[in-house]
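The values are calculated or read from the model by the stated rules, or taken from the named source; none is laboratory data. Every value quoted in this text rests on a predicted model; they were computed, and no experiment measured them. Reconstructed Cβ throughout: ideal geometry from the backbone, glycine too, with neighbour counts over all protein chains shown. Surface accessibility is based on the protein's heavy atoms, side chains included, excluding ligands, DNA and RNA. Shrake-Rupley method; radii C 1.70, N 1.55, O 1.52, S 1.80 Å.
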Amino acid sequence: MTDPTPSAPTPPPLPDQTAAAAAAQTPASTPSAADPDDTGVPPVVGEVTDVGKGFFAALFDLSFRTFITRRLASVFYLVGLIAIGIGFVVYFVGGILSGISMMWFNPGAGISALLATIIVVPVLTFLAVILLRFIIEGVVALIAIAENTERTAQHTKH
C-alpha cells in the first residue's frame, strides 16, 4: 500500500512585470510596493520641523481635519512617565515610612507593610508604564489608520 501524500500547494501567481517596471520608475517620495514598512505616513513626533506654523494651524482647526496627536505622542508619554515616577516615589516612600511606623505597635503588620510596599509598588508601577504605552500606541495607531483611510479615499475619488 502506498501512503498518498498531499500535493504541495501551488505558489501564488507572479506580479505583472509591467507593473514592477512602472513601480521602479516612480519617484522616491512615493511609497514603494517593495517596502512593506513604508506606509507613506510622515515620521512620528520628535522632529523639530513638526512643530511650527502647521502645528498651531492644526491645533486651532475647529473641523478636526488635521491630527496633532501623532506629533504630541512622545510628549504625552514623557509626561505620563514623569507622573508615574512621581507616584512611585510617593507611594514607595510613604509605604516604607508607614511600615516602619507600624513596627512600633505591631511588628508583624509593619513587616507585612514593608514587604508589600517593596513588592507591590514596583510591580504596579511597571504595569502602569505598560498600560500607558499601550494606550498611546493605540491612539497613534488609530490616528494613522484615519490618516491612511483619508488618503486612500482621496486617491479613489480621482
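Screening ARG71 with (1) exposed (fewer than 12 other Cβ atoms within 10 Å of the Cβ); (2) in a helix (DSSP H, G or I) gives one miss only, at (1). The condition (being modelled with pLDDT under 60, in a helix (DSSP H, G or I) and on the phi < 0 side of the Ramachandran plot) is satisfied by just one residue among THR39, THR18, THR30, THR26: THR18. The residue pairs whose first member lies in region 126-150 and is more than 14 Å from THR69 (Cβ to Cβ), whose second member is surrounded by fewer than 16 Cβ atoms within 10 Å (Cβ to Cβ) and not acidic (Asp, Glu), and whose beta carbons are closer than 7 Å, counting only pairs six or more residues apart or on different chains, are VAL129/LEU81; ASN148/THR39; ASN148/VAL41. Among the residues of region 48-68, those identified as at pLDDT below 70 and either surrounded by 12 or more Cβ atoms within 10 Å (Cβ to Cβ) or touching a Ser or Thr at 6+ places or on another chain (Cβ under 6 Å) (or both) are ASP50, VAL51.
Inside region 89-128, residues that are modelled with pLDDT of 95 or more and either in contact with a Leu (Cβ under 6 Å, 6 or more places away or on another chain) or within 25 Å of VAL140 (Cβ to Cβ) (or both) make up a count of 5. Would you call GLY95 in contact with a Ser or Thr (Cβ under 9 Å, 6 or more places away or on another chain), touching a residue at least 12 places away in the same chain (Cβ under 8 Å), among the small types (Gly, Ala, Ser) and part of a helix (DSSP H, G or I)? So GLY95 fits the description; yes. Assess whether GLY85 counts as being open to solvent by less than 40 Å² (accessible area, probe 1.4 Å), more than 19 Å from the chain's Cα centre (by Cα) and farther than 25 Å from THR149 by Cα. Taking the combined requirement at face value, the residue satisfies it.
With respect to ALA153, determine if the residue is open to solvent by 40 Å² or more (accessible area, probe 1.4 Å) and either in contact with a strand residue (DSSP E or B) (Cβ under 8 Å, 6 or more places away or on another chain) or not in a loop (DSSP other than H, G, I, E, B) (or both). Yes; evaluated as a whole, the condition is true for this residue.
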